[in-house]
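Visitor: Have a look at this one before I ask anything.
The values are calculated or read from the model by the stated rules, or taken from the named source; none is laboratory data. In this text, all values refer to a predicted model and were calculated from it rather than measured experimentally. Ideal geometry is used to build each Cβ from the backbone, glycine not excepted, and the neighbour counts take in all protein chains shown. Accessible surface areas use protein heavy atoms only, side chains included; no ligands, DNA or RNA. Shrake-Rupley method; radii C 1.70, N 1.55, O 1.52, S 1.80 Å.
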Amino acid sequence: MRCFPVLFLFLTLSAFAQPPHLLKQGTATQLIVDGKPFLVLGGELGNSSASDMNYMQLVWPKLQQMHVNTVLTPIYWELLEPQEGKFDFTLVDNLINDARQHQIKLILLWFGAWKNSMSCYAPGWVKTATKRFPRIQDRKGKAHEILTPFDKNTLDADVRAFSALMRHIRETDERQQTVIMIQVENEIGMLPDARDHSPIANVAFEKPVPASLMQYLQANKAFLAPALRAAWQTNGSKTSGTWEAVFGKGLATDEIFIAWHFAQYTNQITKAGKAIYPLPMFVNAALNRPNVKPGDYPSGGPLPHIIDIWKAGAPALDFLAPDFYNPDFKYWNDLYSRKDNLLFIPEIRFEPSDAAKVFYAIGHYEGLGLSPFSIESTDKPTEEPIAKSYAILAQLSPLIQASQGKKVMNGMLFDKKTTIDTIRLGSYTFTCKHDYTLGWSPKAKEDEWPMTGGLIIQTGIDEFTVAGTGIVITCTSDKPETPNAGILQLDEGKYVNGIWKPGRRLNGDQDHQGRHIRIPVGEYGIQKLTLYRY
C-alpha cells in the first residue's frame, strides 16, 4: 500500500515539470507556465539593450515599476556563436538570472538569419563567407545583405546555433521556467523585390508547387485568405503545376513563392528546437500597408493575405503574430484571430493608446497579451498609461484566466471615430461608449479623443466585473417581461490574490444615480456590478 503515495507524488511532480505550453480552454487558448494559466503583461526591449548587462541593471527596476511580468528580449546569433562551433551563453545566463531575481519571465527573440528582413545579426564568419552562405539577389542580379532561404549551409548553421540555445535553456531553466516562449527569427521578409532572384531561387521557382501545399489548399479551400483563394481560383484551381501556372504571373505569385520557402526554412529551425525543448514558438510579421507592393514592404512574411502559406509550410509553429505600427487595430487583429491561430501581439509601438488596446486584446480576442516596443525608453515608468493598465490586469489575471473560452467576457475600444459598442453577456445588453460622449469634459469638443477601452466579465447571473479607462456603460435586460436593468450595487475595489476587496460604494453621483457605470478618461479602475430587473 505504501507505493500509492509515492506514485501519486511522482505523478504530481511530473505534471508540474511539464514545460510551458499552450492549452485549449473552451474557445480560447491559454499559455500554461508552472502548471497555471499565464497572462503576458509584456514589454519588448530595444534591439541593443540586452547586449549589455550593465545597461540592463537600470532597466529591470523600470519594468517592475510598470508591472511588466514578461520581457521580450533578443538573443543575438553573432554574440551566441562568435566563432563557428564555439558558443558563449554568458549573455543568455545573465538575462535569465536577472529576470529570476526580478520575478519576470522571458520570451526570447531569436535574431538568427533574419532580423527585419536583413541578416544584420548573423555572425561575422557567416557574413564574410559569401560563397558558403550566399545572399539573395534582386531582379537585376545585385546581392543584398539578406541570406537566401534556399541555401542548405545557412539553414544548417542556423539550426545548429538555435539547437544549442534550446539545449542550454532546457539544461539551465527547465525547472524554473523563466523562459516561456520563443520567437523564431524576427519580421522575416524579402526586400527590395517580392522574391529572391538568385540562380538557386530561380531554379526553385520553375519547379512544381510542392504537393503538400496543394493538398493544404484543397483541404482548406473554404477557409483560405481571400487574396490567396482568388489567385488560385482565377487560374483554374489547378491541383498541380509551376508557381505561375497555379497562381498566375506577377508580384503576388512571387510573394507566395518566397513565403513558402521562408516558412519551410523556419519550420526546420522550429522542429529542431522543439525536439530539444518544446516551448511554444511563433513568428512575427511586419504588417504591410494598403496600396504598397510586395518588396516595397517586406514580402513573404506571415501576413494575413498569405497566412495560409505559412500555416501549410510551417506547421511546427504554434501561431503567427502581428507587429503593430499600423492603425486599424481591430481590422488587423480580426485577420490574425482564427480557429487555427491565437492572438498575441509581441511588438506594438510604445504609445498611450496601448493602455486601452491591451484591455481589448485580452477582453475581446482572449489574446495572450501584448508588448510595447522599447518599453525601457521611458523616464517616468510609473506614469506611463500602460503601467496603470498592467496594474489593473495583474489583479484581474486569475479572473480573466478562469473566464477565457467560456463566453462570459468581452472588451471594448473607442476613439472619436468609434464611440459606441454593444456587448451581450448572460441575459443583459451593455451599451458601452467613450467617456467623452457624455459631454461632461471640456476636452470632448477637441478634434482628437484619447483612445479608451475596457472589459466586462460576467461572474454570476446578475454580477459583473468592469475594468478599464475612459468608458461609460448602460444596461438593459434581454427578458421581455422585465426589460429594464437597474444597478442594485456598484463598488470600486481591488482584487488581492484573486479575492475581491471592495472599496467605495458608488450608488450616487459616481453612477449618475443608478444610470450608468463609468470610469473617466485618465482614471484606471475596477468596479464590481450587481444588476436587477424590473
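Visitor: Could you name every one of the strands (runs of 3 or more DSSP E) located completely within region 393-451 that has at least 3 residues being more than 15 Å from A356 (Cβ to Cβ) and modelled with pLDDT of 95 or more? If you could, list the steps in order and put the result at the bottom.
Guide: Values: elements: 409-414, 420-425, 428-434.
Here the list reads 420-425, 428-434.
Visitor: Could you pull out every one of the strands (runs of 3 or more DSSP E) wholly within region 131-250 that has 1 or more residues that are within 30 Å of N69 (Cβ to Cβ) and modelled with pLDDT of 95 or more? It would help to see each step written out before you state the result.
Guide: Numbers: elements: 135-137, 143-147, 179-186.
Passing ranges, in order: 179-186.
Visitor: Still on this structure, please answer the following. It is to be established whether one or more residues within region 467-478 are touching a Lys or Arg at 6+ places or on another chain (Cβ under 8 Å), open to solvent by 40 Å² or more (accessible area, probe 1.4 Å) and more than 21 Å from K357 (Cβ to Cβ).
Guide: Filtering region 467-478 for residues touching a Lys or Arg at 6+ places or on another chain (Cβ under 8 Å) gives 469, 471-474, 477-478.
Narrowing the set further to residues that are open to solvent by 40 Å² or more (accessible area, probe 1.4 Å) leaves 474, 478.
From what is left, the residues that are more than 21 Å from K357 (Cβ to Cβ) are 474, 478.
For region 467-478, residues touching a Lys or Arg at 6+ places or on another chain (Cβ under 8 Å), open to solvent by 40 Å² or more (accessible area, probe 1.4 Å) and more than 21 Å from K357 (Cβ to Cβ): present.
Visitor: What do you reckon, is A356 more than 29 Å from P278 (Cα to Cα), of a type outside the set (V, I, T), assigned to a helix (DSSP H, G or I) and open to solvent by 20 Å² or more (accessible area, probe 1.4 Å)?
Guide: On the way: more than 29 Å from P278 (Cα to Cα): yes; of a type outside the set (V, I, T): yes; assigned to a helix (DSSP H, G or I): yes; open to solvent by 20 Å² or more (accessible area, probe 1.4 Å): no.
Here the answer is no, as A356 does not meet what is asked.
Visitor: Now for a separate question. Could you check region 452-466 and list, in sequence order, the residues that are open to solvent by 60 Å² or more (accessible area, probe 1.4 Å) and assigned to a strand (DSSP E or B)? Lay out the reasoning, then the answer.
Guide: Narrowing region 452-466 to residues open to solvent by 60 Å² or more (accessible area, probe 1.4 Å): 461, 463.
The one that is open to solvent by 60 Å² or more (accessible area, probe 1.4 Å) and assigned to a strand (DSSP E or B): E463.
Visitor: Now for a different question. Return the residues of region 493-524 that are assigned to a strand (DSSP E or B), of a type outside the set (V, I, T) and open to solvent by 80 Å² or more (accessible area, probe 1.4 Å); say none if nothing qualifies.
Guide: Here is the first cut: in region 493-524, the residues assigned to a strand (DSSP E or B) are 493-496, 499-505, 517-519.
From what's left, of a type outside the set (V, I, T): 493-495, 500-505, 518.
Once the filter is applied, which keeps residues that are assigned to a strand (DSSP E or B), of a type outside the set (V, I, T) and open to solvent by 80 Å² or more (accessible area, probe 1.4 Å), region 493-524 yields K494, K501, P502, R504, R505.
Visitor: Now, a different point. Looking at (1) within 21 Å of D340 (Cα to Cα); (2) in contact with a helix residue (DSSP H, G or I) (Cβ under 9 Å, 6 or more places away or on another chain), which is the only condition A219 fails?
Guide: (2)
Visitor: Oh, and also: Taking the options A211, A275, A231, A227, name whichever one is farther than 18 Å from D308 by Cβ, of a type in the set (A, V, I, L, M) and open to solvent by 10 Å² or more (accessible area, probe 1.4 Å). So that I can check it myself, show each step before the final result.
Guide: Numbers: A211 fails: farther than 18 Å from D308 by Cβ; A231 fails: farther than 18 Å from D308 by Cβ; A227 fails: farther than 18 Å from D308 by Cβ.
Residue meeting the stated conditions: A275.
Visitor: To continue, here is another question. Regarding V159, is this residue of a type in the set (V, I, T), at negative phi and open to solvent by 30 Å² or more (accessible area, probe 1.4 Å)?
Guide: On the way: of a type in the set (V, I, T): yes; at negative phi: yes; open to solvent by 30 Å² or more (accessible area, probe 1.4 Å): yes.
So V159 fits the description; yes.
Visitor: Can you tell which of L393, L370 is open to solvent by less than 40 Å² (accessible area, probe 1.4 Å) and over 15 Å from the mean Cα position of the chain (by Cα)? Reasoning before the result, please.
Guide: Working: L370 fails: over 15 Å from the mean Cα position of the chain (by Cα).
Criteria check complete, one pass: L393.
Visitor: For the list (1) of a type outside the set (A, V, I, L, M); (2) open to solvent by less than 30 Å² (accessible area, probe 1.4 Å); (3) more than 24 Å from the chain's Cα centre (by Cα), I need the number of the one condition that G236 fails.
Guide: Only one criterion is unmet by G236, namely (2).
Visitor: If T429 meets every condition in (1) out of contact with any strand residue (DSSP E or B) (no Cβ under 6 Å at 6 or more places or on another chain); (2) under 23 Å from V408 (Cβ atoms) apart from one, which number is that one?
Guide: Condition (1) is where T429 drops out.
Visitor: To continue, here is another question. Yes or no: region 424-447 includes at least one residue that is free of Cβ contacts under 8 Å to residues at least 60 places away in the same chain, under 22 Å from W500 (Cβ atoms) and out of contact with any Ser or Thr (no Cβ under 8 Å at 6 or more places or on another chain).
Guide: Yes, region 424-447 contains a residue that is free of Cβ contacts under 8 Å to residues at least 60 places away in the same chain, under 22 Å from W500 (Cβ atoms) and out of contact with any Ser or Thr (no Cβ under 8 Å at 6 or more places or on another chain).
Visitor: If we keep just the residues of region 65-84 that are touching a strand residue (DSSP E or B) at 6+ places or on another chain (Cβ under 8 Å) and farther than 22 Å from N284 by Cα, which is least open to solvent (accessible area, probe 1.4 Å)?
Guide: Applying the filter and picking the extreme gives M66.
Visitor: Across region 432-488, what is the total count of residues that are small (G, A, S) and under 22 Å from I362 (Cα atoms)? Show your work before the answer.
Guide: Going residue by residue through region 432-488, those that are small (G, A, S) are 439, 441, 444, 453-454, 460, 467-468, 470, 477, 485-486.
Okay, now just the ones that are also under 22 Å from I362 (Cα atoms), so 453-454, 460, 467-468, 470.
Of the residues in that region, 6 qualify.
Visitor: Let me ask something else about it. Checking G503 against (1) within 28 Å of the chain's Cα centre (by Cα); (2) within 24 Å of M409 (Cβ to Cβ), only one condition comes out false. Which one?
Guide: Unmet condition: (1).
Visitor: Additional query: Could you list all residues from region 85-115 that are open to solvent by 10 Å² or more (accessible area, probe 1.4 Å) and in contact with a strand residue (DSSP E or B) (Cβ under 7 Å, 6 or more places away or on another chain)? First the steps, then the outcome.
Guide: If we filter region 85-115 for residues that are open to solvent by 10 Å² or more (accessible area, probe 1.4 Å), which is where we start, we get 85-91, 93-94, 97-98, 100-103, 105, 115.
Matches in region 85-115: K105, K115.
Visitor: Can you tell me which condition D328 does not meet? The list is (1) out of contact with any Gly (no Cβ under 7 Å at 6 or more places or on another chain); (2) touching a residue at least 60 places away in the same chain (Cβ under 8 Å), and all the others hold.
Guide: The single condition D328 does not satisfy is (2).
Visitor: Within region 374-383, count every residue that is surrounded by fewer than 22 Cβ atoms within 10 Å (Cβ to Cβ) and in contact (Cβ under 8 Å) with a residue 24 or more places away in the chain. Before you say what the answer is, go through the steps one by one.
Guide: The initial filter retains those residues of region 374-383 that are surrounded by fewer than 22 Cβ atoms within 10 Å (Cβ to Cβ), namely 374, 377-383.
Then drop every residue that is not in contact (Cβ under 8 Å) with a residue 24 or more places away in the chain, which leaves 374, 377-378, 381-382.
Residues that pass the stated criteria total 5.
Visitor: Within the bounds of region 242-253, is there any residue that is closer than 28 Å to D138 by Cα, under 28 Å from the mean Cα position of the chain (by Cα) and among the charged types (D, E, K, R)?
Guide: no
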